[in-house]
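The values are calculated or read from the model by the stated rules, or taken from the named source; none is laboratory data. Everything numeric in this text was worked out from a predicted model, so none of it was measured. Here Cβ is always computed from backbone atoms with ideal geometry, including for glycine, and neighbour counts include all displayed protein chains.
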Amino acid sequence: MRISCLSLLSFLFLTSAVAAAEIRDANRLLRASNVASQFESITVLQTQNIIRTYSSIMAISADVELPQWIKQEIAACYEQAFAWEKFEDGIAQILLDNFSKDEMTLLTDFYRSKGLPPTEIPNFKVAIAKGEMIQQLTADYIFANSDGCAEHDIDLILGFLADPQLESNKTLAAE
């Protein structure tokens, strides 16, 4: 009995060491491909588009300009809700689940401009072909694991529109 417990503990230790090495490979690929920076840039652009849309709706339907403080609160919500750190581990796991160790090494070397041996071109094509699937899995993961900010945004805007001072400001501006 004692030997089997010791064997089990050794197996668990070895398994966790292998898993840690594999997750390091996935994280190395994420760093080499600069995904964090791209993720943050896309978040900023999408936040700007959302704020622009809210501003347009407010201007057209309520004839009111969206105040800067609301724009800043909306931007802060998206920055927090879609912070890279919240998704990094899950995205690394998606890479780990869908790429072999060799594919991750090949892609990491490619992103680090280490070149691609001609004999690895077929393997590289196989890895690249998984890109669309990885992208969809990542989008699904982000959607399933994000709080979003739509309710927060709506509450802010409706609260602003319900402010009685707003009507007097609009009347003063029209005079």
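Of all the numbered requirements in (1) of a type outside the set (Lys, Arg); (2) modelled with pLDDT of 95 or more; (3) exposed (fewer than 11 other Cβ atoms within 10 Å of the Cβ), Gln72 misses one, and that requirement is (3).
Tell me, which residue of the stretch 31-45 that is within 17 Å of Ser113 (Cβ to Cβ) and of a type outside the set (S, T, N, Q) is farthest from the chain's Cα centre (by Cα)? Out of the qualifying residues, it is Ala32.
Only one entry in Arg52, Arg112 is surrounded by 12 or more Cβ atoms within 10 Å (Cβ to Cβ) and modelled with pLDDT of 95 or more, namely Arg52.
When Gly148, Gly131 are checked against the criterion of being surrounded by 10 or more Cβ atoms within 10 Å (Cβ to Cβ) and at positive phi, a single residue qualifies: Gly148.
Checking the stretch 142-162 against the condition returns a match, with at least one residue being under 16 Å from the mean Cα position of the chain (by Cα), more than 30 Å from Arg28 (Cα to Cα) and hydrophobic (A, V, I, L, M, F, W, C).
Condition check ((1) hydrophobic (A, V, I, L, M, F, W, C); (2) in contact with a Lys or Arg (Cβ under 7 Å, 6 or more places away or on another chain); (3) farther than 21 Å from Gln38 by Cβ; (4) without any contact (Cβ under 8 Å) to a residue 12 or more places away in the chain) across all residues:
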{"site": "Asn98", "(1), (2), (3), (4)": "no, yes, no, no"}
{"site": "Leu106", "(1), (2), (3), (4)": "yes, no, no, no"}
{"site": "Leu116", "(1), (2), (3), (4)": "yes, no, yes, yes"}
{"site": "Gly131", "(1), (2), (3), (4)": "no, no, no, yes"}
{"site": "Cys149", "(1), (2), (3), (4)": "yes, no, no, no"}
{"site": "Asp155", "(1), (2), (3), (4)": "no, no, yes, yes"}
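Any chance you could count how many residues in the stretch 133-147 are among the acidic types (Asp, Glu) and either outside any helix (DSSP H, G or I) or in contact (Cβ under 8 Å) with a residue 40 or more places away in the chain (or both)?
Of all residues in the stretch 133-147, those among the acidic types (Asp, Glu) come to 140, 147.
Next, from what is left, pick out any that are either outside any helix (DSSP H, G or I) or in contact (Cβ under 8 Å) with a residue 40 or more places away in the chain (or both): 147.
Residues in the stretch 133-147 being among the acidic types (Asp, Glu) and either outside any helix (DSSP H, G or I) or in contact (Cβ under 8 Å) with a residue 40 or more places away in the chain (or both): 1 in total.
Those residues that are touching a helix residue (DSSP H, G or I) at 6+ places or on another chain (Cβ under 6 Å), farther than 21 Å from Asp155 by Cβ and among the polar types (S, T, N, Q), I need them from the stretch 33-71; list them, please. The one that is touching a helix residue (DSSP H, G or I) at 6+ places or on another chain (Cβ under 6 Å), farther than 21 Å from Asp155 by Cβ and among the polar types (S, T, N, Q): Ser33.
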